[in-house]
Amino acid sequence: MWNLKEELTKRNIIEVFRLLVKYRIRIILFICGILFLTILVVSSLPNQYSSKEIAISEDLQPLDLPADIEMMMSFVGIEIPNPQIDNAFTADIYSEVIKSSAFADSLLLRKVELLEEGVNVTISEYLSDYQKQPWWKTFFVEKKVSSADLRELLTEHLKVNFDEKSGLIYIYATMQDPYVAKQVVTLISEELQNFLHRYHAKKALLAYDFYSKEENKALVRYKNAQSAYSKRVAIPQNVVTQSARNEIEYLQKEMDNAYAAYQYILGRKLGAKSKLQENIMSFAVISPAVIDLTPQIPNSAFILVVFLLELAIIAYLEYAAWHTLYTPVFCLALPYTLVLFLTLAFIPFTDLISFYYPSVLIWIAGLPLFALPSLFFGWSMTKLGCANRPLNVQRWQAPPFYVLLFSIGLGMLFILRLYKMLHSSTEMFGTEEFSNELCERGLWGHLRILGIALMIYIGYFVSRKKWLLLVPLFFVMLPSLLYMVKGWLIIPIITILLLKLYTGTIQLSVKLLFVMFVSAFFLFLIVYMLLPAIGNDQAQTDARMVNQVWNKFVHYLTSGTLGFSYDLELGAADREDFKYLFSPFINIFNLIIGNSNMLNPIPSKFLNTGLDYTNTRTFFGTLYLHCDAIEFVICTLGYSAFSYVIMCYAKIKGDLYSYLVYFFYAGLFALGWFEFYMWHLYIIEVPVFLFLIGFGVNYVRKFQYK
């Protein structure tokens, strides 16, 4: 009898996939059954409608004090408080306010109008009596809904996001009735205003009482100092001694200080009084809630199930066509899937914002489009008998000695440049400004990219028996380490791993994925803790710094998925020009014709995902933000066709350098969960350098044979 558990324990992941193909009929029937049940359950869920209001925080604006009060405070030398510093209640904790029991209880008592029923009911009554239930819940006895259940149910339907950079507050409400959703958003706004107004009033009252008491004490101190000074000055003296003069100056200084303190506290009291008398607006609505009759998309579980089923189908078709999983579409899809679920796992335990599941729909739409050219090229290569042609590993045993010497020399050049800049640059070592000055552009920038190509070439030959190759590998990796851009350290490593996996040098396993995860975190420790500590005695290297690096690592890992998720949730209003997707080709053309206007495709819009700001939006997220529907289809098919052409060329050629170029592009796609890397000049320079290395090595070998 077939035992799946026993079979799985004997095989690596690739062999497991072959096993899945072998028993595909059973698996397909099982998947179809799960899909049918999922569709049945989701289709029975009541429609949900969402409404949104946009406001701007007044807490982050300068205080608008009355002119006379402001003049008086300036006159006595009191600085007007900065709300960003002095105000402890700012917009970034609005979301915590709506989750509080006091706020929920107050909101539950507010009334909404049900247009279809023609009645006014409280939100509490609406949630308990007017909510539709799925059909399967009718088989269970309904229990009485408690107030705690109502609070929890209400907070599940409410959401507040705050963009710290723009100061905009986004208030959302999701209900089964679109008219109720709009009313609830308006009520949330009103309740927040009332709640925060009470907070500000209470805070101002406490401040006024405090400064009133301090004013009386300061006044007494001033009068005592004034009395002591007056008495001492009134004593008649024929000869003023030095000690008497010193005593008078001391008493006068005491009196002046007491007066200054009294005026300062008086000014604070007047300021607190003005705040107490003002009707402080915590935020101003700039886009009121509207009624949206479009139902919300299906819930998160349904989206994830559809995505996983689509991934399974694409994986099956890819393996059937190419007899391998190391194809462009799978290199793009699998890492995104892993990072997506890691993101969802990290959110409950960190300060990351919540995930907006409709962002996955863009990937659900993009992946089948990206897989379409694979069907054509797979069929063509099968006809040619090249679909399953492997790389001839035996022809390539080790890189030539002169390439290794050149690699070490390249690293030494960067060490000399680093030594020179440490004595001449005004920037601090370990900062982004220093790295950019060191090797971002110009000759040193191109040499750094040459180092990436050499890193890929030498890295493929590294093994336990050839561990000495780690020495030249370190020297060519050094420029990228000094540049401190993690992506261009990670991509060459992924390129090497993919080629080794493809050739069977290493096996894909859970252990390998874990080692990659730990190694990536260690890379962050080097970049963010060890390198900045060099030559800086004040740099922190304790456990607190390790925790900060961990937060950086989690932010980097989730910034692409969460960045696009948040941007889409905010409406993706800031669309970019389509031409930026082809920046390297446009810039080269402009350089040829003498046009100095170069496109910079790096997005300027940063969003706070909870741990830090990000401007990355994943592969398909970037396409979505730069394209309309037709352009999205054209770009997706175009990039896919280009990658499969490179893959076909590598299989036909059977040459190591062709495979290095193909897996370099596969590595770019593998980081599609983070950014769209196809708009960088690297996509041209690195393959050119790899082919030049191959041409040079082959030419020298032919010359040696002759």
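The values are calculated or read from the model by the stated rules, or taken from the named source; none is laboratory data. This is a predicted model, so every value here is computed, not measured. All Cβ positions, even for glycine, are placed from backbone atoms using ideal geometry, and neighbour counts span all protein chains on display. Side chains are part of the model used for accessible areas, which takes the heavy atoms of the whole protein and leaves out ligands, DNA and RNA. Shrake-Rupley method; radii C 1.70, N 1.55, O 1.52, S 1.80 Å.
Residue 256 sits with roughly 80 Å² accessible to a 1.4 Å probe, with DNA, RNA and ligands left out of the calculation.
For residue 217, the solvent-accessible surface with a 1.4 Å probe is about 110 Å², rounded to the nearest 10. Per-residue extension of 0.36 nm, minus the Cα-Cα distance of residue 578 and residue 338, leaves a gain of 83.5 nm for this segment. Taken along the Cα-to-beta-carbon direction at a fixed 7 Å, the label points for residue 201 and residue 416 span 7.5 nm.
Anything over 18 Å Cα to Cα? Flag those among 159/182; 231/253; 52/202, in the order listed. Violating the 18 Å limit, Cα to Cα: 52/202. Extension gain, residue 605-residue 102: 0.36 nm per intervening residue step, less the Cα-Cα distance, totals 177.5 nm. With each label modelled as a point 7 angstrom along the Cα→C-beta vector, the residue 699-residue 402 pair spans 1.0 nm. Can you give the FRET efficiency for residue 612 and residue 518, using 1/(1 + (r/R0)^6), R0 = 25 Å, r = Cβ-Cβ distance, to the nearest 0.05? It comes to 0.70. Taking every protein chain into account, the 1.4 Å probe leaves residue 157 with about 30 Å² of accessible area, to the nearest ten. Relative to a virtual label point 7 Å from the Cα of residue 441 in the Cα→beta-carbon direction, which members of the range 452-496 show backbone nitrogen distances below 18 Å? What the label zone holds, given the 18 Å backbone N cut-off, is 483-485. Heavy-atom accessible area, probed at 1.4 angstrom with all protein chains present, ranks 247, 215, 152 as 152, 247, 215, highest first.
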